[in-house]
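See below for the structure under consideration.
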Amino acid sequence: MTASHLPRSESRIHLDSTAHLMNSISSQLAGQLRLVSPLGHRRAAPPALVLVAHGSRDPRALETVQALRDRVHELRPGLPVHLGHIELNAPLLPDTLAALGDTPAVLVPLLLSRGYHVKQDIPEMAAAAPAPTRPAAPLGPHPLLVETLYDRLLEAGWPTAMDAATRRASAVVLAAAGSRDPDSSADTRRTARLLADRLGVPVVPAYASAATPTVPTAVRALAARGRHRVAVASYFTAPGRFATQCADAAPWIAAAPLGAHPAMARLVLHRYDEARAIRPLELASA
């Protein structure tokens with residue numbers, strides 16, 4: 001029996017099913033055509049994005065970087081997004097790269113400044129990968145980090161408006177991990193200046209290890225200048241021992257680490273795109 005001879009309700013169901021089938025076929029064809037260039041050649045697949053986290057014994061750190069990975073994938077669903085750690089957590093970065101086999105990759109460090117891991121560890125692991133692999137720049141300094149820091153301070157209780165007297169009494173300590181590399185300290189100072197411009201109060205960088213001043217020292221120095229309302233901005237990608245230690249030294253409010261903030265996901269993709277733009281790094285055409 002043809003659709004024209006079916007009862008009205010059954011005919012409607014038949015037509016709806018046919019339309020659904022045609023839409024499904026059209027969607028599949030469109031997805032396949034996106035992989036084909038105008039000249040009829042199959043487009044090369046993009047390199048995988050590998051988030052490179054430091055690793056931590058704090059289980060919240062792994063949960064945080066996994067959430068950030070998921071948010072990056074949500075922003076760009078067609079892009080393969082993976083995770084590898086420098087130490088302490090699985091999967092370790094060499095294992096992630098080995099599992100990718102002959103798939104090229106861009107490594108985006110979830111690190112906030114230049115230092116030993118960015119300059120030595122990650123490039124060495126990239127060079128040992130079985131496929132072409134390129135490190136991207138660290139996340140900082142960048143205005144998207146300042147956007148994240150500002151939102152985390154607001155969440156902790158930083159006022160959206162201040163009178164003149166309150167502003168004169170307020171300041172922020174930008175608490176970072178610390179490094180002996182002078183480039184790392186320079187990058188952190190740059191972020192502190194950008195955040196100070198955003199907040200309109202002094203922002204002093206301080207460190208959990210390997211560099212000075214420490215957070216308590218910075219707090220005391222600000223108090224000596226009449227800045228008694230001092231917040232600690234957590235310049236850490238994820239929770240961990242250093243982030244907790246710095247937050248405990250806050251005399252007023254302490255912001256949460258950067259975490260899986262939407263601006264962090266956008267920044268990861270920005271660093272990935274930057275690295276890809278240097279020169280092609282793609283799978284061979286099929």
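The values are calculated or read from the model by the stated rules, or taken from the named source; none is laboratory data. As the structure is a prediction and not an experimental result, all values here were calculated from the model. Glycine also receives a Cβ, built like all others from the backbone with ideal geometry; neighbour counts cover every protein chain displayed. Just so you know, the surface numbers come from the protein's heavy atoms only, side chains and all, with ligands and any DNA or RNA stripped out. Shrake-Rupley method; radii C 1.70, N 1.55, O 1.52, S 1.80 Å.
Report, by residue number, each residue of region 43-52 that is open to solvent by less than 20 Å² (accessible area, probe 1.4 Å) and aliphatic (A, V, I, L, M). Steps first, answer last, please.
Of all residues in region 43-52, those open to solvent by less than 20 Å² (accessible area, probe 1.4 Å) come to 47-52.
Of everything in region 43-52, those that are open to solvent by less than 20 Å² (accessible area, probe 1.4 Å) and aliphatic (A, V, I, L, M) turn out to be Ala48, Leu49, Val50, Leu51, Val52.
Check Ala206, Ala177, Ala126, Ala210 and return the single one that is in contact with a Ser or Thr (Cβ under 8 Å, 6 or more places away or on another chain) and at positive phi.
Working: Ala206 fails: at positive phi; Ala177 fails: at positive phi; Ala126 fails: at positive phi.
That would be Ala210, the only listed residue that is in contact with a Ser or Thr (Cβ under 8 Å, 6 or more places away or on another chain) and at positive phi.
Of the residues making up region 68-91, those that are touching a residue at least 24 places away in the same chain (Cβ under 8 Å), open to solvent by 50 Å² or more (accessible area, probe 1.4 Å) and hydrophobic (A, V, I, L, M, F, W, C) number 2. Of the conditions (1) of a type in the set (Gly, Ala, Ser); (2) within 13 Å of Pro109 (Cβ to Cβ); (3) surrounded by fewer than 16 Cβ atoms within 10 Å (Cβ to Cβ), Gly55 fails just one. Which one is it? For Gly55, the failing item is (3).
Scanning region 151-167 for residues that are under 23 Å from Arg266 (Cα atoms) and buried (at least 18 other Cβ atoms within 10 Å of the Cβ) returns Arg152, Leu153, Ala156. Evaluated against (1) in contact with a Lys or Arg (Cβ under 8 Å, 6 or more places away or on another chain); (2) under 23 Å from Arg266 (Cβ atoms); (3) open to solvent by 20 Å² or more (accessible area, probe 1.4 Å), Val108 falls short on exactly one condition, (3).
Quick check on Leu149: is it without any contact (Cβ under 8 Å) to a residue 60 or more places away in the chain and closer than 28 Å to Ala67 by Cα?
Values: without any contact (Cβ under 8 Å) to a residue 60 or more places away in the chain: no; closer than 28 Å to Ala67 by Cα: yes.
In short, no.
Scan region 121-139 for residues that are open to solvent by 70 Å² or more (accessible area, probe 1.4 Å) and more than 20 Å from Val268 (Cα to Cα) and report the count. Can you show your working first?
So the first thing to find is which residues in region 121-139 are open to solvent by 70 Å² or more (accessible area, probe 1.4 Å), and the list is 124, 127-128, 130, 132.
Going one step further and asking which of them are more than 20 Å from Val268 (Cα to Cα), we end up with 124, 127-128, 130.
Of the residues in region 121-139, 4 are open to solvent by 70 Å² or more (accessible area, probe 1.4 Å) and more than 20 Å from Val268 (Cα to Cα).
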